[in-house]
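Chemist: First, the structure itself, so that you have it in front of you.
The values are calculated or read from the model by the stated rules, or taken from the named source; none is laboratory data. Bear in mind the structure is a predicted one, so any value in this text is a computation, not a measurement. Reconstructed Cβ throughout: ideal geometry from the backbone, glycine too, with neighbour counts over all protein chains shown. Protein only, heavy atoms only, side chains kept; ligands, DNA and RNA dropped before computing areas. Shrake-Rupley method; radii C 1.70, N 1.55, O 1.52, S 1.80 Å.
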Amino acid sequence: MSTFVLVHGSWHDGDLWAGVADPLRAAGHTVHTPTVAGHGKGVDKAVNHDDCVASVVDHIVGQGLTDVVLLGHSFGGTVIARVAEEIPERLRRLIFWNAFVPAPGNCLDDETPPHYRELFAQLAAASGDNTIMLPFPIWREAFIQDAPLDLAQSIYELLSPEPYQPFLDKLALTRFYELQIPKSYINATEDIALPPGEWAWHPRMSSRLGMYRLVQLPGSHEVMFTNPDLLAQKIVEAGRD
């Protein structure tokens, strides 16, 4: 049995992992789903990327966790790469699920297509608190297109504005790219949150991991809501020795 720490992506919080965490726990695994600093409803959004990383490090250390399989989804990939630099001795494997693996010195914003960069800058500037809320049409068509409309709408209501500063903070990642921790990449084959072609998740992001295990499943960027049981199975496959 494994100890999984699941790190959510943008607009999410830790509670939204429930559909995936429950079958993992039912299979006998230990699962932690911390909420990254600045994420969730009604919290202080004035955080930077270091604050996001520290919140996950503090959870792992505070809970006394070791031999951890650490998974990051989407934005969460940038977080787990930095967590691995801080506490590599506590980690057994890293899993990136349709996640950003920034090139050394880049920020998340550098890794997104121009139309997203422009939109996010405009939304943050208009927000009053330097946050971004993903417009529903993008959520519906590019993030959760494999869901019926009522599910897409109900999950959208659970999302919360995303702090913008962590998108802009440059990440050296010098130590990350020197680590020998085993790595896996989970690729949902219908994930078009990053558009197919030159900006696609796989192999653009996955290939940066060096030697890695590739695990694939059908589904969108939000397959955690549309087929959580299958995603849980694939997480076990990606995380096993």
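Chemist: Distance between the C-alpha centers of the stretch 52-89 and the stretch 180-218? Whole Å please.
Modeler: Distance between centres, Cα-based: 19 Å.
Chemist: Let me ask another. Based on alpha-carbon atoms only, what is the radius of gyration of the stretch 81-209 relative to the globular estimate 2.2 N^0.38 Å?
Modeler: 1.15
Chemist: Using modelled backbone amide H atoms (1.01 Å from N, in-plane), which distant-in-sequence or interchain residues come within less than 5 Å of LEU91's amide H?
Modeler: Placed amide hydrogens put ASP67, VAL68 under 5 Å from LEU91.
Chemist: If you don't mind, another one. Excluding same-chain residues fewer than 8 positions from LYS183, which lysines have a Cα within less than 30 Å of its Cα?
Modeler: LYS170, LYS234
Chemist: Could you grab the relative contact order for the chain? Cα pairs under 8 Å, six or more apart, rounded to a whole percent.
Modeler: In percent, rounded to a whole number, it is 24.
Chemist: Please name whichever of ALA188, PHE225, ALA238 sits farthest to the positive end of the charge dipole of the stretch 115-241, dipole taken about the Cα centre and charges placed at Cβ: Lys and Arg +1, Asp and Glu -1.
Modeler: Farthest towards the positive pole: ALA238.
Chemist: Please report the antiparallel percentage of DSSP beta bridges with both residues in the chain, rounded to the nearest 5.
Modeler: Among the beta bridges of the chain, antiparallel pairing accounts for roughly 10 percent.
Chemist: I would also like to ask the following. For a protection proxy built on the mean count of beta-carbon atoms within 10 angstrom, sort 27-33, 95-101 highest first, please.
Modeler: Those peptides, ordered most packed to least, come out 95-101, 27-33.
Chemist: Here is a follow-up. Under 16 Å from a point placed 7 Å out from the Cα of GLN180 along the Cα-to-Cβ direction: which residues of the stretch 206-222 have their backbone N that close?
Modeler: Backbone N within reach: 210-212.
Chemist: Dipole magnitude of the stretch 136-212 about its Cα centre, charges +1 at Lys/Arg Cβ and -1 at Asp/Glu Cβ only, in debye to the nearest 20?
Modeler: Once rounded to the nearest 20, the dipole reads 460 debye.
Chemist: Would you grab the residues whose amide H sits under 5 Å from the one on TYR185? Only those 5+ places off in sequence or on another chain, please, with H modelled 1.01 Å from N.
Modeler: PHE96, ARG213, LEU214, VAL215
Chemist: Which value, in debye to the nearest 20, gives the size of the charge dipole of the stretch 61-123 about its Cα centre, when Lys and Arg are +1 and Asp and Glu are -1 at the Cβ?
Modeler: Result for the stretch 61-123 is approximately 220 debye, rounded to the nearest 20.
Chemist: Counting GluC sites (Glu not before Pro) as exposed when in a DSSP loop with at most 11 other beta carbons within 10 Å, what is the longest stretch of the chain free of them?
Modeler: 1-156
Chemist: May I pose another question? Among ALA121, PHE4, HIS73, whose Cα sits farthest toward the positive end of the charge dipole of the chain (+1 at Cβ of Lys/Arg, -1 at Cβ of Asp/Glu, about the Cα centre)?
Modeler: It is PHE4, whose Cα lies furthest towards the positive end.
Chemist: OK, next. Using θ = phi - 60° and the Karplus relation 6.51 cos²θ - 1.76 cosθ + 1.60, list the HN-Hα couplings for the stretch 95-104 in order, rounded to whole Hz, with x at every Gly or Pro.
Modeler: 10, 9, 9, 5, 10, 6, 10, x, 5, x
Chemist: Can you give the calculated 222 nm mean residue ellipticity of the chain, where each DSSP H run of n ≥ 4 adds -39,500 (n - 2.57) and the sum is split over every residue, rounded to the nearest 500 deg cm²/dmol?
Modeler: -9000 deg cm²/dmol
Chemist: Given H placed 1.01 Å from N in the peptide plane, which residues other than close sequence neighbours of GLU190 have an amide H under 5 Å from its amide H?
Modeler: Result for GLU190 returns GLY219.
Chemist: Ok, one more. For LYS170 and GLN122 in the same chain, what is the full-extension length gain: residue separation times 0.36 nm, less their Cα-Cα distance, in nm?
Modeler: 15.3 nm
Chemist: Given R₀ = 30 Å, what would the calculated FRET efficiency be for THR66 paired with GLU190, taking r from the Cβ atoms and rounding to 0.05?
Modeler: It comes out at approximately 0.25.
Chemist: Related question: Taking all protein chains as present, what is the carbon and sulfur share of the accessible area of the chain, in % to the nearest whole number, probe 1.4 Å?
Modeler: Carbon and sulfur: 52 percent of the exposed surface of the chain.
Chemist: Apply the Karplus curve 6.51 cos²θ - 1.76 cosθ + 1.60, θ = phi - 60°, to the phi angles in the stretch 62-79 and return the couplings in whole Hz, x for Gly and Pro.
Modeler: Values, residue by residue: x, 8, x, 7, 9, 6, 7, 9, 9, 10, x, 10, 6, 3, x, x, 5, 6 Hz.
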